[in-house]
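Computed from the coordinates by the stated procedures, all read-outs in this text should not be read as laboratory data. Please read all numbers here as calculations on a predicted model, not as lab measurements. Heads up, the Cβs are rebuilt from the backbone with ideal geometry, glycines too, and the neighbour counts pull from every protein chain shown.
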Amino acid sequence: MNPPSGIKSPSENNPPIPLTELHQKIDAGVKVTIAKAVDRHRKLGESISIWQDGKVVTLTADKIPQSPSNYQS
């Protein structure tokens, strides 16, 4: 339900949270984990679904691009 006119919702009153060192570590960890999962799907011959050009697209294993090898296995 929308708040009455002129009343801000709590999220509008909070300034954006700066990207701290912890946030950066979490972001890096998530990116590595996703890269590993995508690579695993490719190696096992499993398809993945991604969001591309405004729609869901399913990629077969042979269409999954090779991920950069800058993560530790």
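Below is a table of values for the structure above.
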read-out: Charge sum, other residues only, whose C-beta stays under 12 Å from Lys36's C-beta, Lys/Arg counted +1 and Asp/Glu -1; value: +3
read-out: Förster-model FRET efficiency, 30 Å R0, Ser49 and Thr20, C-beta, rounded to 0.05; value: 0.40
read-out: Quarter of the Cα convex hull surface for region 21-63, i.e. its orientation-mean projected area (nm²); value: 3.5
